[in-house]
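Data first, discussion second: the structure below is written as structure tokens.
The values are calculated or read from the model by the stated rules, or taken from the named source; none is laboratory data. Quantities reported herein were computed from a predicted structural model and do not represent experimental measurements. Here the Cβ is made from the backbone with ideal geometry for all residues, glycine too, and neighbour counts use every protein chain on show. Heads up: the accessible areas ignore ligands, DNA and RNA and are worked out on the full protein's heavy atoms, side chains in. Shrake-Rupley method; radii C 1.70, N 1.55, O 1.52, S 1.80 Å.
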Number of protein chains: 2
Amino acid sequence: MALAAFGFMSLTSYAQVVEDFKTSSTTQTGKEYPMVNSEGRVRVQVAAPEAHFVQIDIGAVKYDLVKDENGVWTGESAPQDEGFHYYQLNIDGASVPDPGSLYYYGASRWGSGIEIPAHDQDFYALKNVPHGQVREIYYFSETNKTMRHCFVYTPPGYDTDLSKRYPVLYLQHGGGENEYGWPSQGRTGLIMDNLIDEGKALPFIIVMDNGSWTMERPRQRPAQGESWPPRNWAEGFMNTLIKDIIPMTDKSFRTIADGKHRAMAGLSMGGMQTKAITLANPDVFSYVGIFSGGSITVEDVQNTPGFRDNNKLVFVSFGSRELENRRPGFGGDPREETEKLKESGLNAHFYVSPDTAHEWQSWRRSLYQFAPLLFKD
Amino acid sequence: MALAAFGFMSLTSYAQVVEDFKTSSTTQTGKEYPMVNSEGRVRVQVAAPEAHFVQIDIGAVKYDLVKDENGVWTGESAPQDEGFHYYQLNIDGASVPDPGSLYYYGASRWGSGIEIPAHDQDFYALKNVPHGQVREIYYFSETNKTMRHCFVYTPPGYDTDLSKRYPVLYLQHGGGENEYGWPSQGRTGLIMDNLIDEGKALPFIIVMDNGSWTMERPRQRPAQGESWPPRNWAEGFMNTLIKDIIPMTDKSFRTIADGKHRAMAGLSMGGMQTKAITLANPDVFSYVGIFSGGSITVEDVQNTPGFRDNNKLVFVSFGSRELENRRPGFGGDPREETEKLKESGLNAHFYVSPDTAHEWQSWRRSLYQFAPLLFKD
């Protein structure tokens, strides 16, 4: 009875789609679709006169579109959480990007992304405030014997006061993502510009490189059944970070090149890498941020000589929906572990992003909470 | 008889596709297709089990793909010219990006692009040489009362010798393109890094902004039937360039802020804007580059007081296929006009990109020829 009632309500709810759709901020200039309504539904439209079926594939669910007399298919998803989501179209069994959207790298592909307006979107909005720069960098990696590519955020004023030197945050993307994630859908530059303008964060440099196992030589994919965090995976990137990326950064930018002025953070796989790398190099980093990527335990700290003395911050965060339905393999309860870490005397912070899952809105908010805690000692 | 023979040869040629396809440099990391062979054919592959037909749409021609027993469609185009081309897939009438390619902005959309290896690709290859940076800039435009977005290339050494100041080239994209064109498919940064490393060009700053009429307020689209170059179109961007972009650049970067150290160039629509804007502001720019966008005549110079005295270079270029089949509305023969300009005493150069059309390979080569001529007076 309860199930039947729920089914009926669900159908009613679908029929009552709120007709206040607006072109999305992630729709290509000059195009009308994709659109988003106040419920967070995504409506797409594509001309495909000869197709059998067209679907929008978002949040691991496919929703059917309907064809009109001109061969144009239109349809919408169920309401989505606030923030950014990857999606694609399915046209007669072909998974393809929506030709109306902007493109982002995630789920191991360049493809469509959609922005659902969030109640707190002001913190990553483009405003008329002093702006830093996101710089595209090519450099040679001795460790990998190849050219590499990263993005570096320099804060407002970096090119004005040429005597000033800055701390550095090394900020990593998740699995199936790359160095474009944080500067693009992560909106790192805009978050920092706004925080700095409001006096909430100190200006610092942010290096966003590619931590994927596919970029390392030898290809250090974690072995089947290996436990999390996969040490080989993290260690492949650790070599590159310690031997190539940090020296390149300290050479190319006006950094304060010591462990007290260096932070590392990452999301999901990047959080696991952050944990493994900062525990293995307690003299290299003083500030640690793990977003949706596990936590650091009192035992981890006890097993790592030097970590407690050097560490200034351990910041752990999750989306609320991740905690409600905790992903396997992330160890114990991260909130409890972080509280124990704080009780043990470390400056440990735990943050929960409300009503978001393992997605970019959780990570934008995590950066927004994390950045003001950095380099203030 | 001749036609029949040609038709037969064409079919034979198609049947004898050379089977040396390799994954393209513009294919997404980890994907196999799109591929390119030594003839310059583009082979694509996409799973679309329920589709009636799938085509690759490139160079204004659609080529049918063939379905295998697993519902995977594969097929290739006729040979394409060397260099970069936009393309798309057609799945049952839906024009969509190829899910295997990287994405570029052109033809007024973000979509697929493909790189056909060129005999001269070394000049824009990624090498282990000192690299400049391409910086993403947000700034407020008083003229348009809006935030704007551009890319700025700073040469190798810009962050090392902090007392040095640099000349500036303002470099514009074509119609249906945007500020991503030159730094992405134009490979501006790599072309300059290589030229500077070889001692062929002096280091200078390059500003790549958005010159589309859709970015200007009021929206100054050229009127129906208006002659080329469309003055309103160019003037809309001229206001933004003179009043916003140049002052922003001179404020944010270590420029030499005078007309003798300022160049403007552009491709197609950007070339027409360059002509209109440099003729209207002979004291602001000394070096002029028009790539596939017409030419400057002796009469233009005679009608523009001050231009002859201040100008250091007029560079005009085309792809050879454009000259063979000259586009209407570009005025007289650009080679003759440029020769007359040279005879009149100006430093005029005419360059023809061999075996290329109105496409990026012509413009990459034009930049490669143009840059060494700049700022050497």
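Descriptive notes on the structure:
- When every residue of the stretch B:300-308 is checked against the conditions, at least one turns out to be over 24 Å from B:Gly83 (Cα atoms), in contact (Cβ under 8 Å) with a residue 24 or more places away in the chain and β-branched (Val, Ile, Thr).
- Whichever residue in the stretch A:89-107 is assigned to a loop (DSSP other than H, G, I, E, B) and open to solvent by 10 Å² or more (accessible area, probe 1.4 Å) and, among such residues, is farthest from the other protein chains (Cβ to nearest Cβ): A:Ala107
- Of all residues assigned to the stretch A:149-161, at least one qualifies as being open to solvent by 10 Å² or more (accessible area, probe 1.4 Å), hydroxyl-bearing (Ser, Thr, Tyr), out of contact with any Cys (no Cβ under 6 Å at 6 or more places or on another chain) and in the same structural domain as A:Ser362 (by TED's automatic domain parsing).
- Here B:Phe237 meets each of (1) modelled with pLDDT under 95; (2) surrounded by fewer than 24 Cβ atoms within 10 Å (Cβ to Cβ); (3) assigned to a helix (DSSP H, G or I) with one exception, condition (2).
- Per-region count, the stretch A:68-88, residues part of a strand (DSSP E or B) and either modelled with pLDDT under 95 or away from every other protein chain (no Cβ under 11 Å) (or both): 8
- Which numbered condition A:Thr12 fails, given (1) among the polar types (S, T, N, Q); (2) modelled with pLDDT under 95; (3) touching a strand residue (DSSP E or B) at 6+ places or on another chain (Cβ under 6 Å): (3)
- Among the candidates B:Leu195, B:Leu190, residue that is more than 12 Å from chain A (Cβ to nearest Cβ) and either part of a strand (DSSP E or B) or more than 17 Å from B:Arg254 (Cβ to Cβ) (or both): B:Leu195
- Flag if B:Ile91 is β-branched (Val, Ile, Thr), assigned by TED's automatic domain parsing to the domain that holds B:Gln16 and farther than 19 Å from A:Ile91 by Cα: no
- Screening the stretch A:23-40 for residues that are open to solvent by 50 Å² or more (accessible area, probe 1.4 Å) and outside any strand (DSSP E or B) and picking the one that is nearest to A:Ser77 (Cα to Cα) gives A:Glu39.
- Subset of the stretch B:257-296 (residues that are touching an Asp or Glu at 6+ places or on another chain (Cβ under 7 Å) and without any contact (Cβ under 8 Å) to a residue 40 or more places away in the chain): B:Ala257, B:Leu279
Residue-wise test of (1) open to solvent by 20 Å² or more (accessible area, probe 1.4 Å); (2) under 20 Å from A:Thr29 (Cα atoms).
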residue: A:Val42; (1), (2): no, yes
residue: A:Ile58; (1), (2): no, no
residue: A:Asn70; (1), (2): yes, no
residue: A:Tyr86; (1), (2): yes, yes
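- Just one of the listed residues (A:Ser108, A:Ser101) is touching a residue at least 40 places away in the same chain (Cβ under 8 Å) and on the phi > 0 side of the Ramachandran plot, namely A:Ser108.
- Hey, A:Gly181 within 13 Å of another protein chain (Cβ to nearest Cβ) and open to solvent by less than 10 Å² (accessible area, probe 1.4 Å) or not: no
- Residue list for the stretch B:152-170, filter: out of contact with any Asp or Glu (no Cβ under 9 Å at 6 or more places or on another chain), within 29 Å of B:Tyr103 (Cβ to Cβ) and either away from chain A (no Cβ under 13 Å) or modelled with pLDDT under 95 (or both): B:Leu169
- Answer residue from the stretch A:50-67, given it is under 21 Å from the mean Cα position of the chain (by Cα) and more than 13 Å from chain B (Cβ to nearest Cβ) and is nearest to B:Val96 (Cα to Cα) among those: A:Ile58
- For the stretch B:108-132, a residue qualifies if it is within 10 Å of chain A (Cβ to nearest Cβ), in a strand (DSSP E or B) and open to solvent by less than 20 Å² (accessible area, probe 1.4 Å), and the qualifying residues are B:Gly111, B:Ser112.
- Among the residues making up the stretch B:133-145, those that are modelled with pLDDT under 95 and either open to solvent by less than 40 Å² (accessible area, probe 1.4 Å) or closer than 18 Å to B:Gly189 by Cα (or both) are B:Ser141, B:Asn144.
- Residue check, B:Gly7 part of a loop (DSSP other than H, G, I, E, B), at pLDDT below 95 and exposed (fewer than 15 other Cβ atoms within 10 Å of the Cβ): no
- Condition met for B:Gly211 (crowded, with 24+ Cβ neighbours inside 10 Å, farther than 22 Å from A:Ile137 by Cα and either under 16 Å from the mean Cα position of the chain (by Cα) or of a type in the set (Lys, Arg) (or both)): yes
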